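What follows is calculated from the coordinates using simple rules that are stated; it is not laboratory data. Remember, it's a predicted structure, so these values are computed and weren't measured experimentally. With ideal geometry, Cβ positions are generated from the backbone for all residues, glycine too; neighbour counts draw on all protein chains shown.
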């Protein structure tokens, strides 16, 4: 695995703006990753999308893969992510990012292809594309932002909105007797044979953000190593549509989201002792003769 | 001695860095307004910064550069 | 079949759907994403067999929606890529087609039409003419639509569709029907092209390799002015396509007073009817649009200049292309319609009957069995199955 560069440097666009304020002898400890552009994001103040965007950019920098990375932006608040990253980017239709990523990856298997999707995109309108890309074992990386609400359209109920959570379209609270229950994506996908790695992380604190970055980096590394489909679910906030300060949103996340969406690794075929998802799937089907047949091609 | 430099282009004054700072040496600068209309973060106690980068890690707008 | 990367031109007997697949590969297509549907399944089956042998990818997607978005991704990544379906499945592709148009991503969509609406039937039809020529999905766009009427044209036109798609950075459609798709005819297959020899696509998202600024494939423009600019630029390309790529076949049109307009399977029937009418001394010709978009309006102008005063649009639907004929004719001649729908094919005699009515100055029936000549709605004629008739 590539290590973080020893010397941290500013991206070119900050050389004058920030670099001029650095005195001789001062060493940069932390700076914007080079994979981030200078575009100011459309995210609201305190939105955790920005944190996760940065983690993705840092992983791209540290793995040295910007030149061969193709990212797929979703529909939702992160729709304009194609402006925020310096790697090649494609903007997909709502929910279709895994299908678009599949197309790219099949054409250029050596590219590193990732999809970045919110809960409405990934777990509602794009559920079919998500489940099937996962079960096909597409060697892609998916970053899933679960903030339990539709942000871009103004705070409607999401597939991951919690029971009794008030949103614009569940004004009396999500009534599970009528609209059913939230989808736990990490758990759901972990049952699929094509999946190599699923972890749920969050970003409410320094320690959790560091863990989130480790997970995202692993999800990219898995793709580079050809291990299989990897998804990191990030339990996130939407201060604006939750109607809270960013700080209170973190507290609400800890109080309500994390008990419903427990953090942790839900599947990791490498940790389970397999070389990749295919080997793990073969072992799981060890009593099925046809599944054990050796292929000629 | 460590300190932070805030990029006014990116800072949206959300204050997450202020809450994340273990030393409590950051605040939003009521005296200044960024081009986008926010009060940016600033280091109010230059001697207290330990360069831990907690503010950088938590900042959703990647507006902070930490130097030492 | 010979190795597609090497094969020269060759003459074979093949089924229309398989020819679409073979000719697509020869055009340099190495990626196919689709979903099973009758009556185009032979195309996908042929691709599934051949593509892996020539270093390509055949992938059966979970849905038509996913398939077209895989096409979008592969097209964005710079590959020659296609999908195929039939009418109900093509409806599902309309979202992706719109994004391809909006992001200027080339790719080929095949529609081997069946009857509709809804699940409709599985017999040949041309009832998706509006959908195709008004370009499937939402938004202000068109795409080249090519309508083969022979198995040979299946080969020639899909080859052309890939070239047009790449040259003008647009989705392009082959609008075929179950009849051409299912029939076998002798065909001269075009020579194979190595995908590596195709023109480079510097805009594609291939990874910038540190050699250029990042590429973005996108159809979102929050600034209305910017969006209008991109639409204008796209419509300038459309004007070029209209100027350079109208295609049609004219038969017996030099002195024709009556011009039958028909494409695809309907044109095969109309051709016989026109020949029969000529044999009866009626000055009749056939105008067969090959490009349905751009519509061959120049050819309509030409046959009017040659003296055509009556047009008859013959279609396998309730009257769709006839609207484009009327637009092109623009009041300079009469325009009538005759069609059968739901997978029913008109006989040459039915069409000849209408040509004779026109020649005699009588009104035309719009469809078989109409009670009143000129009636808009067709009346059912006895089409009971042998089972229903108790045979």
Highest-MSF residue in chain A out of A:247, A:21, A:156 [GNM, Cα springs under 10 Å]: A:21
Given contacts defined as C-alpha pairs under 8 Å and at least six residues apart, what's the relative contact order of the stretch A:38-292, whole-number percent? 18
Counting C-alpha atoms alone, how compact is the stretch C:249-359: give Rg to one decimal and Dmax as a whole number, in angstrom. 12.3, 36
For chain C, with a Gaussian network of springs between Cα atoms less than 10 Å apart, report the residue from C:243, C:97, C:132 with the top mean-square fluctuation. C:243
Cα pair count fraction exceeding 37 Å, expressed as % - the protein assembly as shown: 49
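Let me have the relative contact order for chain C, percent, based on Cα pairs under 8 Å that are six or more residues apart.
Working: 854 pairs, mean separation 62.8, N = 391.
RCO, chain C: 16 percent.
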From DSSP H assignment alone, runs of 4+ in chain C each adding -39500 (n - 2.57), the sum over residues rounded to the nearest 500 puts [θ] at 222 nm at -11500 deg cm²/dmol
Count, for each residue of A:106-114, the Cβ atoms from other chains sitting within 10 Å of its Cβ, then give me the mean as a whole number. 5
Whole Å is fine, so just give me how far the alpha carbon centre of the stretch A:230-272 lies from that of the stretch C:290-358. 62
Please report the base-10 log of the normalised intensity I(q)/I(0) for chain C, using a Debye sum with one equal scatterer per alpha carbon and no solvent, at each q in 0.09, 0.14, 0.15 (1/Å). -0.54, -1.19, -1.32
If you take each beta carbon of peptide A:36-49 and count the beta carbons of other chains within 10 angstrom, what is the mean? 4
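Using the number of other C-beta atoms within 10 angstrom as an exposure proxy, rank C:42, C:233, C:62 with the fewest first.
On the way: C:42 21, C:233 10, C:62 17.
So the residues, fewest neighbours to most, are C:233, C:62, C:42.
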On a 0 to 90 degree scale, rounded to 10, what angle separates helix C:224-245 from the longest Cα axis of chain C? 60
How do C:142-154, C:99-111 rank on mean C-beta neighbours within 10 Å, highest first? C:99-111, C:142-154
Over the stretch A:132-252, how many percent of alpha carbon pairs lie in each 5 Å bin up to the one with the longest distance? 2, 11, 18, 19, 18, 15, 11, 5, 1, 0
Residue by residue through C:278-290, how many Cβ atoms from other chains fall within 10 Å of the Cβ on average? 0
Between helix C:264-279 and chain C: long-axis angle, C-alpha atoms, 0 to 90°, nearest 10: 30
Helix C:41-50 axis, angle to chain C major axis (alpha carbon atoms, nearest 10°): 30
Relative contact order of the stretch B:3-67, please, whole-number percent, based on alpha carbon pairs below 8 angstrom and at least 6 residues apart. 46
Quick one: check the C-alpha center-to-center distance for the stretch A:127-144 versus the stretch C:219-266, whole angstrom. 38
Kirkwood hydrodynamic radius for the stretch C:109-154: how many Å is it when counted over pairs of different Cα atoms? 11.9
Sketch the reach of a paramagnetic label on residue A:42 as a point 7 Å from Cα along Cα-to-Cβ, and name the residues of the stretch A:75-118 whose backbone nitrogen lies under 11 Å away. A:75-83
Give me C:209, C:283 ranked fewest to most by other Cβ atoms within 10 Å of their Cβ, as a rough exposure proxy. C:209, C:283
Would you give the gap between the C-alpha center of the stretch A:147-225 and the C-alpha center of the stretch C:98-165, rounded to a whole Å? 38
Counted neighbours (other Cβ, 10 Å), sorted fewest up, put C:31, A:220 in the order A:220, C:31
